[in-house]
Amino acid sequence: MEVHHEPIEKNYKLLEEIGKGQFAIVRKCMEMKTGEFYAAKIMRKRRVARGVAAEDIAREAGLLARLRHPNIVSLHKVVDTGTTVVLLLELISGGELFHWVPSGELEAAHVVRQVLMALSHLHSHQVAHLDIKPENILFSTPPPMPNIKLIDLGLSHRLVPGSEHRALFGTPEFVAPEIVNYEPLSLGTDLWAVGVLTYILLSGASPFLGEDKQETYANVAACQYQLNNEYFSTVSEIAKDFIRSLLIKDPK
């Protein structure tokens, strides 16, 4: 995708902040020529210890440009001003999964199926998302049966056959044992997170959450969780088996 170098304010009106991460701010913006609205993900390039490495920004932009899918946020334009890079993304305004509670298995399955479709597309290109969590799943249509968009490919990585990729990052509740143990990652690392996500959607509880980060990591490393508790009294065995099939300590 072509990279533009003019100041973002030349063609777009920056509006309210709609999201914020460790290294990026997301603001709603309007293209002045067309009146179209977008989400501007604004990242400052790294200088010494702060900001985002230029190659990481380029990787995310490249993946979004190449791996288009109905359940993955689309990239409109890249603007690089020298010190800051702005990814102009599809504006998704239906809310986020983090704030939604499904009324039953059918609604939960509707969402999980779409997450798996997005991941299937990424995985077919040997790309692992590596940051599956409710905050990174937005609704493009409203509940109760929403269409979803997977966002934030900032940690995504192409897993080249014959090479190993290790990483120590992610939200503690959703990381797989291989991340905790600093072992080689695989496409199955994403599926573990889908298992955690499904558990939360069906029960309202988090399977590995401890009193602190260290206890959470210990629970993940031990693959220690419960399905036969009060949270799962009305959940079908098929749904429980689905969770068990994903929360496997060694997906290989």
Scan the range 141-153 residue by residue and report those that are surrounded by 18 or more Cβ atoms within 10 Å (Cβ to Cβ) and touching a Gly at 6+ places or on another chain (Cβ under 8 Å). Pro146, Asp152
Which of the residues that make up the range 21-35 are loosely packed, with under 10 Cβ neighbours inside 10 Å and either in a strand (DSSP E or B) or at pLDDT 95 or above (or both)? Lys33, Thr34, Gly35
So, in the range 185-212, of the ones that are hydroxyl-bearing (Ser, Thr, Tyr) and in a loop (DSSP other than H, G, I, E, B), which residue ends up surrounded by the most Cβ atoms within 10 Å (Cβ to Cβ)? Ser186
Can Lys13 be described as buried (at least 17 other Cβ atoms within 10 Å of the Cβ), part of a strand (DSSP E or B), of a type outside the set (S, T, N, Q) and not assigned by TED's automatic domain parsing to the domain that holds Lys240? no
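In the range 49-77, which residues are in a strand (DSSP E or B) and over 30 Å from Ile200 (Cα atoms)?
Within the range 49-77, the first condition is being in a strand (DSSP E or B), and the residues that meet it are 50, 52, 72, 75-77.
Residues satisfying the conditions are Arg50, Val52, His76, Lys77.
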Residues located in the range 160-174, provided they are modelled with pLDDT under 95, surrounded by 14 or more Cβ atoms within 10 Å (Cβ to Cβ) and in contact with a helix residue (DSSP H, G or I) (Cβ under 9 Å, 6 or more places away or on another chain): Ala167, Gly170, Thr171
Please find, within the range 68-96, the residue that is surrounded by the most Cβ atoms within 10 Å (Cβ to Cβ) out of those that are modelled with pLDDT of 95 or more and over 23 Å from Glu16 (Cβ atoms). Ile72
Pair list, Cβ < 9 Å and 6+ apart or interchain, from the range 240-251 residues that are without any contact (Cβ under 8 Å) to a residue 24 or more places away in the chain to residues that are surrounded by fewer than 16 Cβ atoms within 10 Å (Cβ to Cβ): Lys240/Asn228
Those residues of the range 234-249 that are in contact with a Ser or Thr (Cβ under 8 Å, 6 or more places away or on another chain), part of a helix (DSSP H, G or I) and farther than 27 Å from Leu168 by Cβ come to a total of 2
Among the candidates Tyr182, Tyr231, residue that is of a type in the set (Ser, Thr, Tyr) and not in a helix (DSSP H, G or I): Tyr182
Mind telling me which of the residues His99, His129, His123 ends up being of a type outside the set (D, E, K, R), on the phi < 0 side of the Ramachandran plot and surrounded by fewer than 17 Cβ atoms within 10 Å (Cβ to Cβ)? His99
Would the range 213-221 turn up any residue that is part of a loop (DSSP other than H, G, I, E, B) and not β-branched (Val, Ile, Thr)? no
Checking Ala53 against (1) under 16 Å from the mean Cα position of the chain (by Cα); (2) surrounded by fewer than 13 Cβ atoms within 10 Å (Cβ to Cβ): exactly one of these is not met. Which one? (1)
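The values are calculated or read from the model by the stated rules, or taken from the named source; none is laboratory data. None of the values given here were measured: they were computed from a predicted structure. No Cβ is skipped: glycine too gets one built from the backbone with ideal geometry, and neighbour counts run over all protein chains shown.
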